[in-house]
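Worksheet: one structure, shown below.
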Amino acid sequence: MTDSPAGVPTPPPAAGPPAGPAPGAAVSREEFDALFASVRGWGRWAAAGRGAWNRVTADHVRRATALVRSGTVVPMGRPWDTRPGPDNAKPALHYMSELGDVEAPEPSVYKDFLAVDYHGKGVSHLDALSHVAYRGRLFDGHAAREAVDAAGARFGAVSELGPLVTRGVLLDLPAVLGLPWLEPGHAVHAPDLLAAERALGVTIGEGDAVLLRSGACRRRRETGPWDPSAASAGWHVDAVPLLAERGIALLGGDGDSDVRPSPVEGLHSPVHALAIAAMGVPLLDNLDLERLSAACAGAGRYAFLLVVTPLDVPGGTGSPVNPVAVL
C-alpha cells in the first residue's frame, strides 16, 4: 500500500457533464452467477458476521493513524433530511418532544425525537451483512429466512460489526476526468479504477475502505434532485473482482455503489449482492464526498484515516452513520 503525495495532479477546471451515460455491457444472470462464485468468501472467517472487517488488524489501524498529518477532520454524513423528494421517498423524522414545559421549571429542558427508515437514497448509512441475500442466502451461506425475521437479524447484524478504523482511499473519478460529476447511469469499470489509482497516486490494499466519488451531491445541488433508483453513477460488476483481489474491508460512495440502470438482467443491485452476500464487505451509502474531495486535492493525497462508528443496534441490518476522514 503506497501513496505518492508529491505530484498528485490538481483537478482541472470543470469541463461540463458528459454527453450521456455509459451504462456498460449487459451481463446475463449466468455470467453474474459465475462472477458471484468467483468472488465468494464464505467460510473464511470464524467471526463470519463481521465479514471483511476481520481483515482490519491492529497493524492496519496503526498504519492508518500514521496518515494523519494536518489533523484536518472531514465528516461525510449528509444532513438529516426530513423533506420528501424523488430521492427521499421516506423522509427522516425530527420533532420536538419537550419545550421546557414538562419537567420542573429550572433548569428548563428541551428534547427532540429522531426516527428514520434509512435504507434508501436520502440518508448516509452503513449496510450490515444481514441487509442483502442472493438466491436466499446471506454471506457465509446462511439461509436468509432463518436468519432474519420480524425481530431482526440473528446473523450479520450491525451490532456484530462494531467501529471500524482503517485506511480510507478516495477514488475521485470526476477529478481524474476533469468533470464536475459523472452523469447518472455512468458505469465505473476495472480499468477506470486502475486509471484513477495512477492519476491520484494511491494504491488500494488489504483492509482498505474504498470510497467512490461520482459528484452526485454537487450535481444535486446545482441541477436539483432526481430518482437515483432509476439512474445513478456507480460500479459496474466487472470491477468487483479487482476489488475482491485487493482484499478491501469496506466499499462506499456518494451513491449506493451500484450503477443504475443495472447491467444485470433481473437484478436491481448486483454490486450489493456481490459485496455483501458474496464477499462479506459492508457498504456505506449516500455519503457527501464534496468536502473530502476538496481536502484531498488540497493535501495532494487521496489516502487518509477513516473512522466509521455505526449505532449498536442488536438485530439491525445497518445503521445511519456519519463517517469521518482525518488527513
**OP:** Select from the range 242-269 the residues that are hydrophobic (A, V, I, L, M, F, W, C) and open to solvent by less than 10 Å² (accessible area, probe 1.4 Å) and list them in ascending order.
**Re:** L243, I248, A249, L250, L251, V259, V264
**OP:** Give the range 58-96 a look and list any residue that's under 29 Å from V326 (Cβ atoms), part of a loop (DSSP other than H, G, I, E, B) and hydrophobic (A, V, I, L, M, F, W, C), or say none.
**Re:** A66, L67, V68, M76, W80, A92
Subject >> Selection count where residues are in a loop (DSSP other than H, G, I, E, B) and without any contact (Cβ under 8 Å) to a residue 60 or more places away in the chain, scope the range 27-57 >> reply: 1
Original post:
Which one is nearest to L173 (Cα to Cα) among residues in the range 227-241 that are surrounded by fewer than 17 Cβ atoms within 10 Å (Cβ to Cβ) and among the hydrophobic types (A, V, I, L, M, F, W, C)?
Top reply: A231
Subject >> Yes/no for L274 being among the aliphatic types (A, V, I, L, M), open to solvent by 20 Å² or more (accessible area, probe 1.4 Å), within 24 Å of R145 (Cα to Cα) and in contact with a Phe, Trp or Tyr (Cβ under 7 Å, 6 or more places away or on another chain) >> reply: no
**OP:** Count, please, the residues in the range 117-162 that happen to be part of a loop (DSSP other than H, G, I, E, B) and either among the basic types (K, R) or farther than 16 Å from G280 by Cβ (or both).
**Re:** 13
Original post:
Can you tell which of A153, A115, A144 is more than 22 Å from R221 (Cβ to Cβ), in contact with a helix residue (DSSP H, G or I) (Cβ under 7 Å, 6 or more places away or on another chain) and not polar (S, T, N, Q)?
Top reply: A153
Subject >> Among residues of the range 275-298, those that are of a type in the set (V, I, T) and either assigned to a helix (DSSP H, G or I) or on the phi > 0 side of the Ramachandran plot (or both), counted >> reply: 1
**OP:** Considering only residues that are within 22 Å of A133 (Cα to Cα) and of a type in the set (D, E, K, R), look in the range 22-71 and name the one that is least open to solvent (accessible area, probe 1.4 Å).
**Re:** R55
Original post:
Can you find even one residue in the range 25-40 that is more than 20 Å from the chain's Cα centre (by Cα), at positive phi and at pLDDT 95 or above?
Top reply: no
**OP:** Among what's in the range 205-214 and is touching a residue at least 60 places away in the same chain (Cβ under 8 Å) and either touching an Asp or Glu at 6+ places or on another chain (Cβ under 7 Å) or farther than 17 Å from S257 by Cα (or both), pick the residue that is surrounded by the most Cβ atoms within 10 Å (Cβ to Cβ).
**Re:** R213
Subject >> Checking D101 against (1) in contact with a Gly (Cβ under 9 Å, 6 or more places away or on another chain); (2) at pLDDT below 95, the condition it does not meet >> reply: (1)
Original post:
Filtering the range 58-91 down to residues that are more than 16 Å from D208 (Cβ to Cβ) and among the charged types (D, E, K, R), which residue is farthest from the chain's Cα centre (by Cα)?
Top reply: R69
Original post:
Within the set of pairs 6 or more residues apart or between chains, which connect a residue that is touching a residue at least 60 places away in the same chain (Cβ under 8 Å) and hydrophobic (A, V, I, L, M, F, W, C) inside the range 186-200 to a residue that is part of a strand (DSSP E or B) and open to solvent by less than 20 Å² (accessible area, probe 1.4 Å) with Cβ atoms less than 7 Å apart?
Top reply: V188/L212; V188/G234; V188/W235; L200/D172
**OP:** Considering only the range 81-98, state which residues are open to solvent by 60 Å² or more (accessible area, probe 1.4 Å) and without any contact (Cβ under 8 Å) to a residue 40 or more places away in the chain.
**Re:** T82, R83, P84, A89, K90, L93, H94, Y95, M96, S97
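The values are calculated or read from the model by the stated rules, or taken from the named source; none is laboratory data. Quantities reported herein were computed from a predicted structural model and do not represent experimental measurements. Quick reminder, even Gly has a Cβ in these numbers, built from the backbone with ideal geometry, and neighbours come from all protein chains shown. Remember, those area values only see protein heavy atoms, side chains included, never the ligands or the DNA or RNA. Shrake-Rupley method; radii C 1.70, N 1.55, O 1.52, S 1.80 Å.
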